[in-house]
1. Looking at the structure I just gave you, is Leu23 modelled with pLDDT of 95 or more, closer than 26 Å to Phe132 by Cα and either outside any helix (DSSP H, G or I) or touching a strand residue (DSSP E or B) at 6+ places or on another chain (Cβ under 6 Å) (or both)?
2. What do you reckon, is Ala58 small (Gly, Ala, Ser), more than 20 Å from Thr104 (Cα to Cα) and either open to solvent by less than 30 Å² (accessible area, probe 1.4 Å) or in a loop (DSSP other than H, G, I, E, B) (or both)?
3. Can you tell me which of (1) in contact with a Leu (Cβ under 9 Å, 6 or more places away or on another chain); (2) within 21 Å of Ser10 (Cα to Cα) is the one Asp41 doesn't meet?
4. Looking at Cys67 and the list (1) surrounded by 22 or more Cβ atoms within 10 Å (Cβ to Cβ); (2) under 14 Å from Pro8 (Cβ atoms); (3) more than 10 Å from the chain's Cα centre (by Cα), which single condition is not satisfied?
5. Are there any pairs, at least 6 apart or on different chains, whose C-beta atoms fall under 6 Å, with the first in the stretch 10-31 and within 11 Å of Ala73 (Cα to Cα) and the second open to solvent by less than 70 Å² (accessible area, probe 1.4 Å) and acidic (Asp, Glu), and if so, which?
6. Please verify whether the stretch 90-104 includes one or more residues that are among the polar types (S, T, N, Q) and modelled with pLDDT under 95.
7. Just wondering, is there one or more residues in the stretch 73-91 that are without any contact (Cβ under 8 Å) to a residue 40 or more places away in the chain, farther than 20 Å from Ala7 by Cα and not acidic (Asp, Glu)?
8. Considering the stretch 1-36 alone, what residues qualify as being among the hydrophobic types (A, V, I, L, M, F, W, C) and open to solvent by 40 Å² or more (accessible area, probe 1.4 Å)?
Amino acid sequence: MKEFMIAPMSEKHLDALAEVDKLCFTRPWTRAGLQAELSSDTACFAAAEQNGTAVGCAGMQCVCGECYIDKVAVHPDCRRQGIAQALVQYLIDYAIRNHAEFITLEVRQSNAPAIALYSKLDFQPVGIRKNFYTDLHEDAILMTRYF
């Protein structure tokens with residue numbers, strides 16, 4: 001298993017993270033979309049680095065004690081190394097430090113590895129968003145962790 005570090009997302013990560021998004025999602029975020037989060041007062045985005053290269057990111061918006069995870073993405077070649085867990089834990093720690101009441105996310109119903117990860121981190125299923133992922137007409141499970 002390769003070593004990695006988690007750091008606040010910065011300008012130096014954006015090109016690599018835009019490429020990671022293309023590999024992970026049917027509707028990837030653009031570099032400009034990621035860059036906009038750098039100046040957002042409500043955003044918390046982290047990057048995972050291996051050998052100086054960004055290989056994953058996770059981000060959320062926090063407003064009035066409510067945190068909503070926007071994305072968790074890890075390069076396919078770097079999965080199953082604990083990177084996604086470390087990224088989500090970074091967001092959880094930020095939410096706790098900022099006295100959030102809860103943190104929530106949507107996950108594809110078919111994404112068993114992600115559901116297992118979120119369950120391990122004490123997220124509970126609280127609802128279904130019908131046809132949330134319109135590209136494949138798939139429902140999302142809404143998962144929330146309360147503090």
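The values are calculated or read from the model by the stated rules, or taken from the named source; none is laboratory data. The model shown is predicted, which means the values in this text are computed figures rather than measured ones. Virtual Cβ from ideal backbone geometry, glycine too; neighbours counted across all protein chains shown. Ligands, DNA and RNA are excluded from the accessible area calculation, which covers all protein heavy atoms including side chains. Shrake-Rupley method; radii C 1.70, N 1.55, O 1.52, S 1.80 Å.
1. Taking the combined requirement at face value, the residue does not satisfy it.
2. no
3. So the condition that Asp41 fails would be (1).
4. Cys67 satisfies all of (1) surrounded by 22 or more Cβ atoms within 10 Å (Cβ to Cβ); (2) under 14 Å from Pro8 (Cβ atoms); (3) more than 10 Å from the chain's Cα centre (by Cα) except (2).
5. From the stretch 10-31, the pairs are Pro28/Asp21; Trp29/Asp21.
6. There is no residue in the stretch 90-104 that is among the polar types (S, T, N, Q) and modelled with pLDDT under 95.
7. no
8. Within the stretch 1-36, Met1, Phe4, Met5, Ile6, Leu23, Phe25, Trp29, Ala32, Ala36 qualify.
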